[in-house]
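So the structure is just underneath, and the comments pick up after that.
The values are calculated or read from the model by the stated rules, or taken from the named source; none is laboratory data. Note that the coordinates shown come from a computational prediction; the quantities given were computed from them, not determined experimentally. Note that each Cβ is placed from the backbone with ideal geometry, even for glycine, and that neighbours are counted across all protein chains shown. In case anyone asks, the SASA skips ligands and DNA or RNA and just uses the protein heavy atoms, side chains included. Shrake-Rupley method; radii C 1.70, N 1.55, O 1.52, S 1.80 Å.
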Amino acid sequence: MTIQATRRHLLQTAGLGLAAMPLMVARPSFAQSAGKTYKIALSNSYIGNKWRLEMENVFKAALQMDPFKTEVVGSIYNSGNDVSKQSQQISNMIAERVDAIVMDAASPTALNGIIHQATSRGILVVSFDSGVTAPSAIKVNISQYDLGKGWAEWIVKQINGKGNVIMVTGVAGTEVDLDRNKGADSVWAQNPGIKVVNRFTGMWDSSTAERNTAAVLPSLPKIDAIWCQGGTDGVLKAFISANRPLPPTAGEAENGFRKMMLGIGGHTVTGYSAGSPPYLSLMALELARRILNGSYPKKNIDVPNVFLSNADLKLGVNVFADQPDSFFDDFTAGGPTSPVDICAQAAIDGSACTDQKLIINLPAA
């Protein structure tokens, strides 16, 4: 069903401007409006990076557009990556008798107790991005394993199954990092001609990835391809500074990476761009709304990965010359058949779209 309406952790904050800062609420007051409305709260663990800002901004923008502006009274909590604080905030939501909680959790397991309290009281809990293991919570996410695998499969095709590859990984020990690495390693195991000559962390951060890449490059042989979990533009900047040619690169959806894919700035790279989209919050919001109104079954949703090559990029649609390199371009998948289509302004400052329709497609029930 299509909804049409009128218009990551551990990274360093790079401002979208004060207008982009999300509503910070301790104990929200839910004003009732005419007709049937649902109280849906967003419980977010962390707000210290561009991805989280965009995730909250599109959530805020959607609440100002139909069907949400007439059917949902929303509120946003941020816990500063503090499990105890997030648990207390969820306790407050339970006391407010919200109908649903959509959450980006600070821990996959530490919130299971409070989640059980919420669901046992009839409150719907939908987890997205940083998932939880609580069996009573509904899960909305992409397959991180398939993301890492998809990047690696593209590299194999680009270099005909033979060559030197570097892997720039994420935050060690996190489920996302482990799953992405496992996906890539499953591909390398089937292609013995691929040699991973170095594997180091970029911490999902462009400046860290650039610094760490610059440190290892002098000792490395010719690099035929780059596999990068995040900070992709930083890795490429290190190659440029070292006067190294830019090899085929599979990486995240940073604006800086995609601008290089279009040759903006004087350097061009053959790339393959995908990531965990900020619009996961919208998929969770829409799922909660439809479960509450009885139009969709209470089940987990697997959000498809959207990989874009150079030919798929369009300036002003999924890459932006006027946004910083750290801006995440996959706030929208684009097009009426994609998971989510929403305007850039919604991601930038949380304002409602005025020149296009919001589209959210859930998988067939």
Tell me, please, whether a residue that is surrounded by 20 or more Cβ atoms within 10 Å (Cβ to Cβ), at pLDDT below 95, part of a helix (DSSP H, G or I) and among the acidic types (Asp, Glu) can be found in the stretch 169-186. yes
If you go through Asn293, Asn305, the only one that is polar (S, T, N, Q), closer than 30 Å to Ala134 by Cα, touching a Leu at 6+ places or on another chain (Cβ under 6 Å) and open to solvent by 10 Å² or more (accessible area, probe 1.4 Å) is Asn305
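Mind checking which residues of the stretch 187-199 are open to solvent by less than 20 Å² (accessible area, probe 1.4 Å) and under 15 Å from Thr249 (Cα atoms)?
Filtering the stretch 187-199 down to residues open to solvent by less than 20 Å² (accessible area, probe 1.4 Å) leaves 187, 194.
Matches in the stretch 187-199: Ile194 only.
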Those residues of the stretch 87-114 that are within 20 Å of the chain's Cα centre (by Cα), open to solvent by less than 10 Å² (accessible area, probe 1.4 Å) and of a type outside the set (Val, Ile, Thr) come to a total of 3
Within the stretch 202-277, considering only helices (runs of 4 or more DSSP H) that don't extend past its boundaries, which have at least 1 residues that are β-branched (Val, Ile, Thr) and open to solvent by 10 Å² or more (accessible area, probe 1.4 Å)? 206-216, 232-241
Would you confirm whether or not the stretch 136-152 contains a residue that is open to solvent by less than 30 Å² (accessible area, probe 1.4 Å), within 24 Å of Asp325 (Cβ to Cβ), not in a helix (DSSP H, G or I) and not polar (S, T, N, Q)? yes
